[in-house]
Amino acid sequence: MTTRFLSSALVALAALMAVWAAPVNAHHSFAAEFDASKPVTIKGVVTQIDWKNPHVWFYVNVKDEEGRMTRWACEMGAPHQLQGRGWLRDTMKIGDVVTVEGSLARDGSKRANARTVTTADGKALGAASSGDPTTRP
Amino acid sequence: MTERPAAARLVAALLVSVATLSISTAAQRSGGAPAKPTPHWPDGRVNLGPPPGEKGIWTPPGIVQLSLNPKSVNRASPTSHLPDNITLEAVPFQPWARALHAARQADFERDEPHTRCKASGGPREFITPYGVEFVDIPETKRIYIFDVGGPHTFRTIYMDGRPHPKDLDPSYYGHSVGRWESESLVVDTVGYNTKFWMDREGTPHTEQLHLVERFTRTDLNSLKYEANVDDPGAYTATWTGGFILRWSPGTELFEYICQDNNRSPQGMVGADASVSRQRRIVP
């Protein structure tokens with residue numbers, strides 16, 4: 001019981017740390033590609049991870065209530081920035097179920113800028129997003 | 001059940017620690033806790049790098065602006081502001097330059113060459129999120145600025161008293177000569193091309209740009225950057241803007257190859273086939 005309580009509390013703490021993370025800059029203008037006023041939550045299965053500069057991209061297959069599959073592309077910060085937030089290049093693996101909190105692309109395509117990524121075990125990591133609310137005083 | 005209060009106390013202590021860390025960081029940024037003094041070399045020269053035996057690079061504290069523009073599509077971090085920095089409204093733009101700046105903002109800065117992995121001269125070199133390092137080699141009378149953002153480049157500042165060459169071919173970083181004025185490194189640069197934005201806001205310039213940058217390490221953690229812009233091709237008068245860079249202790253530059261998987265241009269303006277070649281600014 002205590003262990004479970006502690007685990008839950010530490011997960012909450014990790015989420016808090018992820019949100020509290022320092023403001024992030026990026027090599028491109030966040031507003032040119034994404035819309036901070038359009039938040040999105042994407043839950044699905046990771047199908048591809050491009051752990052590369054200038055931004056890490058990963059792809060998630062999302063199944064809707066009618067069983068239709070949609071492929072989403074999600075942008076994070078640079079590998080160097082992610083490592084500073086606790087990521088390793090194999091933290092997320094193909095086949096993992098993840099929940100992505102972020103912002104939609106302006107052009108309406110199935111792309112999003114990730115703010116946090118929560119893995120199936122409940123571990124939430126900051127995605128080094130240039131659209132982090134803390135960058136918007 | 002009897003252990004729950006102990007666990008709760010532990011979690012509460014952790015949360016208090018996080019809160020304290022947040023407050024102390026904010027306090028340091030706002031000057032609450034005194035930073036260590038500016039480091040110097042044995043000959044008295046200011047050390048713009050890490051103290052011996054330590055690591056560190058200069059990074060912008062979030063987004064920084066050469067001139068203050070609270071209406072920018074990407075708002076600056078207040079901790080980066082110089083006291084009494086120039087506002088965008090006060091910048092003496094020529095009409096075409098003001099219109100171009102406005103157009104670049106209206107397009108959410110999506111046409112910026114830096115996002116195409118191009119080198120970025122002037123102030124923009126210091127606005128990369130991944131930091132810069134000053135490598136001062138007095139034996140060669142040169143200071144190098146290593147910059148991993150954009151195309152992973154370096155810039156040379158000649159400290160040997162040479163003049164600017166005549167008939168320079170315009171280039172991204174221009175030709176830089178430097179000197180120490182008391183505690184400040186002063187760098188005079190001419191010979192710029194116009195293939196870059198000198199800040200990420202889209203502040204225009206021409207090949208007539210003559211930039212005088214002043215770098216002052218006011219304490220261990222802060223580097224005041226001031227740029228005097230003299231460009232009769234774009235402005236009606238000279239003007240000075242700047243920002244404060246933050247020391248990131250314990251960190252070093254790293255390999256960053258922007259060209260490896262740069263999907264930003266397509267994300268910002270669409271695929272090549274969808275880009276209008278009729279626009280005044282073709283990205």
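The values are calculated or read from the model by the stated rules, or taken from the named source; none is laboratory data. The model shown is predicted, which means the values in this text are computed figures rather than measured ones. No Cβ is skipped: glycine too gets one built from the backbone with ideal geometry, and neighbour counts run over all protein chains shown.
Just one of the listed residues (A:ALA112, A:ALA105) is under 23 Å from B:TYR130 (Cα atoms) and either surrounded by fewer than 21 Cβ atoms within 10 Å (Cβ to Cβ) or touching a strand residue (DSSP E or B) at 6+ places or on another chain (Cβ under 6 Å) (or both), and it is A:ALA112. Of the listed requirements (1) away from every other protein chain (no Cβ under 11 Å); (2) buried (at least 19 other Cβ atoms within 10 Å of the Cβ); (3) not hydrophobic (A, V, I, L, M, F, W, C), B:THR153 misses just one: (2). Applying the condition of being among the aliphatic types (A, V, I, L, M) and in contact (Cβ under 8 Å) with a residue 40 or more places away in the chain to region B:211-238 and asking which residue is nearest to B:GLY131 (Cα to Cα) yields B:LEU223. Among the criteria (1) among the aliphatic types (A, V, I, L, M); (2) in contact with a Lys or Arg (Cβ under 7 Å, 6 or more places away or on another chain); (3) assigned to a strand (DSSP E or B), the one B:VAL187 does not fulfil is (2). Examine region B:133-149 for a residue that is within 30 Å of B:PRO42 (Cα to Cα) and in a loop (DSSP other than H, G, I, E, B), and state whether such a residue exists. Yes: one or more hits.
Which one is surrounded by the most Cβ atoms within 10 Å (Cβ to Cβ) among residues in region B:79-114 that are in a loop (DSSP other than H, G, I, E, B) and more than 14 Å from chain A (Cβ to nearest Cβ)? The selected residue is B:VAL91.
For (1) touching a His at 6+ places or on another chain (Cβ under 6 Å); (2) free of Cβ contacts under 8 Å to residues at least 60 places away in the same chain; (3) of a type in the set (A, V, I, L, M), each residue gets a yes or a no:
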position	(1), (2), (3)
A:VAL62	no, yes, yes
A:HIS80	no, yes, no
A:GLN83	no, yes, no
A:MET92	no, yes, yes
A:VAL98	no, yes, yes
A:GLU101	no, no, no
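As a summary of the residue check, A:THR47 satisfies the conditions (1) more than 14 Å from chain B (Cβ to nearest Cβ); (2) under 22 Å from B:GLU112 (Cα atoms) except for the one numbered (2).
Just one of the listed residues (B:THR194, B:THR251) is within 13 Å of another protein chain (Cβ to nearest Cβ), part of a loop (DSSP other than H, G, I, E, B), surrounded by 13 or more Cβ atoms within 10 Å (Cβ to Cβ) and modelled with pLDDT of 90 or more, namely B:THR251.
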